[in-house]
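Here it is: the structure, laid out below.
The values are calculated or read from the model by the stated rules, or taken from the named source; none is laboratory data. Note that the structure is a prediction, hence the values are computed from the model and not measured. Glycine also receives a Cβ, built like all others from the backbone with ideal geometry; neighbour counts cover every protein chain displayed. We work out accessible area using only protein heavy atoms, side chains counted, and drop any ligands, DNA or RNA first. Shrake-Rupley method; radii C 1.70, N 1.55, O 1.52, S 1.80 Å.
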Amino acid sequence: EYKSYLSMPRPKNPEKLTELFQDELERKRLLKALQPVITAVIVKPIHTITVLLQVGYEPLPPVYKPRSLTRFVFYEGYYYPSLLEYIKYLKQKNGSYLVLYRGLAPRITSVFVTTTVKNELLAMLPKTSSRCPPEQIAHEVGRQCVATSGAVLMSHPFFVITNRMIVSLIGGEAKYGSLTGSIRTIYMEEGVTGFYDGLMPHLLSELLTVSTETLFKEITEKFELQRKIESLLGHSLNVMFIATSALNSIMVYPIQLTAVITSVSSARLAVSDIPSMQGTTQGWINCFRGLWRSGNTKRGNNLWMYRRANSESYFTPPGKGRQTTL
């Protein structure tokens, strides 16, 4: 901000100078809030497919694949078709690739509200004046967690609407065809509490993510771990990215999966008939336990690898909500 401020022409009126400086800060703040929104629009097709896979929707029958390291098939067995085949099926079923942008409006709103509320709360929360590194780290983690909690509470209704609009593709329900229609449906069928289905796992996953990222970032900066590890290995290495990615994959993703499932489990849609969704209406803890016991805590985590099926007959027949053994 200060470089832009110094490069601006200097008006003779000091009040005008202050006004230009404030306008520049507001413009940068707006651009900072819009960056996640633009990213959300670009990756929306991947997000749509991820949600469908997370609830267990596999409309294409699996095929047998022998072991082949060149094709990243490490165990022989039945595997679902690739991501491209999945996209082609959705386009064929719905008539357009625009189906991949289902739920775009609430998704954009959710990202924008999350970013804006979090930035505003961070600007309001004071930073610590302590010179003790552990106290500085603990205070910054607390600031980030408080700001994230407020952002999740404000944006969670749009998180629920986005997921329900996407999974309504399974049964073709029209009541979740638009943002306003989804709001009306949730309020009429479940009341205000319906907008906060799956809130606890969503909040917990976001708090775990932001706390671990902030903790690793602060420790890396305070104790110069990045420079020490690079000098030890002899080449550059993003330590924080590797550490947070591994931790999120192990700890956070199963909770994120639970949040998605519990946000749609009580929506009275065809997705509730899929066996992978059975028992998910009895609380998010029971849902998490069911995923853990069945070994499905990583479902939908990696779209680019082949997804292994339980058997050749385990898939969702087109036009139906139930997974059956043919």
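L125 passes all but one of (1) aliphatic (A, V, I, L, M); (2) closer than 30 Å to L98 by Cβ; (3) more than 17 Å from the chain's Cα centre (by Cα); which number fails?
The single condition L125 does not satisfy is (2).
For Y75, are the conditions met, namely being in a loop (DSSP other than H, G, I, E, B) and open to solvent by 60 Å² or more (accessible area, probe 1.4 Å)?
For Y75, the condition - in a loop (DSSP other than H, G, I, E, B) and open to solvent by 60 Å² or more (accessible area, probe 1.4 Å) - is met.
K127 - would you say it is open to solvent by 20 Å² or more (accessible area, probe 1.4 Å), basic (K, R), assigned to a helix (DSSP H, G or I) and without any contact (Cβ under 8 Å) to a residue 60 or more places away in the chain?
no
How many of the residues in the stretch 152-199 are at pLDDT 95 or above and on the phi > 0 side of the Ramachandran plot?
Within the stretch 152-199, residues that are at pLDDT 95 or above and on the phi > 0 side of the Ramachandran plot number 0.
Can I ask one more? So G300 ticks every box in (1) at pLDDT below 85; (2) open to solvent by less than 40 Å² (accessible area, probe 1.4 Å) but one. Which box is left unticked?
Against the list (1) at pLDDT below 85; (2) open to solvent by less than 40 Å² (accessible area, probe 1.4 Å), G300 comes up short only on (1).
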